[in-house]
Amino acid sequence: MNCHGIQINSEISWVIDNKRTIIVSSKKNVIIFSMDESIMWNLIQYFSKMDDIIEIAKAVFNINNFQAHQKIETTLNDWRKKGLIQ
Amino acid sequence: MNWVYILPILDNIILYAPLHGISAYVNSLAVKRLKNAIDSGKNPECKELMSLYSVLNNKQVREPYKKKGEIKPDFLGVIPTRYCNANCIYCDFEAIGPIQHIDINHAVSCVDWYVSRVKNRDGEVVKIHFFGGEPMMAPKVVTAVVHRARVVTNSMDLIPQFEISTNGQYSQKWAQFLADYFTSVVLSLDGPKNIQNFHRPLRKSFDSFTSAVRTAKIIGNSHAELFLRTCVSKKNVNILSDIARWFCEEFQPTKINFEVMQETPKTINHDLTKPDPYTFSSQFIHARNEASVFNVPVVYGADFDKPRWSSCPVAKDVVIVTPDGRLNSCYLEPERWKQKCMDLTVGHIDQNNKININSFSVNQIREMVWHKPLCEKCFCRWTCAGGCHVSQAKCNIYNDFCIQTRIITVCSILDKMNLGHLSKLLISDLTMMKVLAEQPSDLLSDLKLTTCM
């Protein structure tokens, strides 16, 4: 997996792999695969809680089902090992 | 009705016919000859008046466009919340009932509906205005509306434009958000620190000056247009020129807007009163001249403009979505217009986020301004258009709002005619201002009833 990321705050990480932008919440068990990188980057600059980001992103992108990633723990552990997130 | 007006200036007269697209500075003999010619249907006695006569005698005047058929909003208004973090002593916009933020899904549904309207009528620009309370007290709503509008307009090849009326009382980060995404920011700033903090204290602290100035600087240094809006009371009316110059030097605004404070029980408790309309008019024109050195226009809501039916969103088919999911044509609290037996609701959003517009209400509101009897004899009826349809009392005499509007509008007409020196003379002569402001009818057709000639 070729990716890099930034820990935004204690909850949220911003990760970019070679295909897509991903926002990860360690608390909410949610990963957002964004369609628009600039908007999602803007949202994490202005809102620190994942609930707020999800609420806005749902409205902006007209998405009803943000899926809780089935393998989120595995994914997060993988990224932690690589030092992408804490 | 021919809609030709006569306005006394010094010993002469401005003949003003906005629907014919004519303004002329003439003497009283010329006016009498023109009136005789129009009344009799015969050419004027004087050849030099022929071209003016033939234009004025044309019964086919260009009234402003009347919207018909399905709703065609000039813009979409969004009130994210009625709550405000400021506690301005003249504000009568305070939220009634519990604090409520608009449902984000309601707001974006309105965006989708409005954008599709613009697209269907081959429009190019999508205009969204935020009103309050203070819109930035609901930043999630503002953010969602802005980004949703950008996403859908991008997919339809339309241009989004955002405007916000705001007090600037938030962090630098949010001021930068407005600077980055908004086309124009209407920021309230009432002048130097002592005035601003007296007029516009915050709920939790006294000082609103620091944040307002910081926000003004951020917006002024960005690509967004900065419109500085000052509420004028007796406290700051005599320093409008100083305020205008300070604004121009410090913030590089696109426009400055001076509006007169409305007196309320709260202002009376604070011993704050509105300025005398003649003082306001003359100080306004001085401030306008001061700012003209910087090429910054100074405006007044009911000032000279193209002929129009309304100087506010009402009757422009504007849809304003409110925190309770109603769609109104006016941003005031509904209780305000209900007190005047008016209904300015045009629709609602249902439980499925569907927009429901009541065509009957839309047409009723359009007709309300077309048939407004109040201003028939006033030359400002096609520009001021009666001001606020809710708060301007229906009476047959000019109130303070009318007086200042009449004087400022005449000065604007003179400026447009390159007769700015006459507007300076007018505002320096109280008697002359009163003759003009109190003329019972400006209509040429009522000439024999006037006493000024």
Starting from the range B:107-120, take each residue that is within 11 Å of chain A (Cβ to nearest Cβ) and within 18 Å of residue B:135 (Cβ to Cβ) and list its partners that are part of a helix (DSSP H, G or I) and of a type in the set (Phe, Trp, Tyr), counting only C-beta distances under 6 angstrom and pairs at least six apart or across chains. none
Considering only residues that are crowded, with 21+ Cβ neighbours inside 10 Å and of a type in the set (Gly, Ala, Ser), look in the range B:110-144 and name the one that is farthest from residue B:317 (Cα to Cα). B:138
When only residues in the range A:35-61 that are open to solvent by 20 Å² or more (accessible area, probe 1.4 Å) and closer than 13 Å to residue B:151 by Cα count, which is farthest from the other protein chains (Cβ to nearest Cβ)? A:37
Quickly run through the range B:130-148 and pick out the residues that are without any contact (Cβ under 8 Å) to a residue 60 or more places away in the chain, closer than 26 Å to residue B:188 by Cβ, out of contact with any His (no Cβ under 6 Å at 6 or more places or on another chain) and within 13 Å of another protein chain (Cβ to nearest Cβ). B:136, B:139, B:140, B:143, B:144, B:146, B:147
Against the conditions (1) open to solvent by less than 40 Å² (accessible area, probe 1.4 Å); (2) under 23 Å from residue B:259 (Cβ atoms), where does residue B:355 fall short? Just the number, please. (2)
Checked B:187, B:158 against criteria (farther than 30 Å from residue B:351 by Cβ, open to solvent by less than 30 Å² (accessible area, probe 1.4 Å) and hydrophobic (A, V, I, L, M, F, W, C)); the one match is B:187
Which number in (1) in contact (Cβ under 8 Å) with a residue 60 or more places away in the chain; (2) within 14 Å of another protein chain (Cβ to nearest Cβ) marks the one condition that residue B:151 misses? (1)
Somewhere in the range B:95-103, is a residue part of a strand (DSSP E or B), crowded, with 16+ Cβ neighbours inside 10 Å and within 14 Å of chain A (Cβ to nearest Cβ)? yes
Would you call residue B:338 open to solvent by 10 Å² or more (accessible area, probe 1.4 Å), at pLDDT below 90, of a type outside the set (A, V, I, L, M, F, W, C) and farther than 20 Å from residue B:304 by Cβ? yes
Hey, can you tell me all the residues within the range B:176-191 that are in contact with a helix residue (DSSP H, G or I) (Cβ under 6 Å, 6 or more places away or on another chain), closer than 15 Å to residue B:251 by Cβ and within 14 Å of chain A (Cβ to nearest Cβ)? B:179
Taking the criterion of being assigned to a loop (DSSP other than H, G, I, E, B), touching a Pro at 6+ places or on another chain (Cβ under 6 Å) and modelled with pLDDT of 95 or more, would at least one residue in the range B:234-243 satisfy it? yes
Using the structure shown, decide if residue B:127 is free of Cβ contacts under 8 Å to residues at least 60 places away in the same chain and closer than 21 Å to residue B:356 by Cα. yes
Here the qualifying pairs (Cβ atoms under 9 Å; residues six or more apart or on different chains; first in the range B:25-48 and free of Cβ contacts under 8 Å to residues at least 60 places away in the same chain and of a type outside the set (A, V, I, L, M); second open to solvent by less than 70 Å² (accessible area, probe 1.4 Å) and assigned to a loop (DSSP other than H, G, I, E, B)) come out as B:33/B:44; B:33/B:46; B:36/B:44; B:41/B:57
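Let's see how each residue does on (1) at pLDDT below 95; (2) of a type in the set (Val, Ile, Thr):
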residue: B:82; (1), (2): yes, no
residue: B:96; (1), (2): yes, yes
residue: B:107; (1), (2): no, no
residue: B:118; (1), (2): no, yes
Return the only residue of B:163, B:124 being in contact with a His (Cβ under 6 Å, 6 or more places away or on another chain) and more than 14 Å from chain A (Cβ to nearest Cβ). B:163
Could you check the range B:260-304 and list, in sequence order, the residues that are open to solvent by less than 40 Å² (accessible area, probe 1.4 Å), basic (Lys, Arg) and more than 20 Å from residue B:238 (Cβ to Cβ)? none
I'm told residue B:170 meets every condition in (1) assigned to a loop (DSSP other than H, G, I, E, B); (2) buried (at least 20 other Cβ atoms within 10 Å of the Cβ); (3) not aliphatic (A, V, I, L, M) except one. Can you identify the failing condition by its number? (2)
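Yes/no per residue for (1) on the phi < 0 side of the Ramachandran plot; (2) touching a strand residue (DSSP E or B) at 6+ places or on another chain (Cβ under 8 Å):
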{"residue": "B:3", "(1), (2)": "no, yes"}
{"residue": "B:11", "(1), (2)": "yes, no"}
{"residue": "B:16", "(1), (2)": "yes, yes"}
{"residue": "B:34", "(1), (2)": "yes, yes"}
{"residue": "B:62", "(1), (2)": "yes, no"}
{"residue": "B:72", "(1), (2)": "yes, no"}
{"residue": "B:75", "(1), (2)": "yes, yes"}
{"residue": "B:80", "(1), (2)": "yes, yes"}
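The values are calculated or read from the model by the stated rules, or taken from the named source; none is laboratory data. In this text, all values refer to a predicted model and were calculated from it rather than measured experimentally. Cβ sites come from the backbone with ideal geometry, for glycine too, and all protein chains shown count toward neighbours. Protein only, heavy atoms only, side chains kept; ligands, DNA and RNA dropped before computing areas. Shrake-Rupley method; radii C 1.70, N 1.55, O 1.52, S 1.80 Å.
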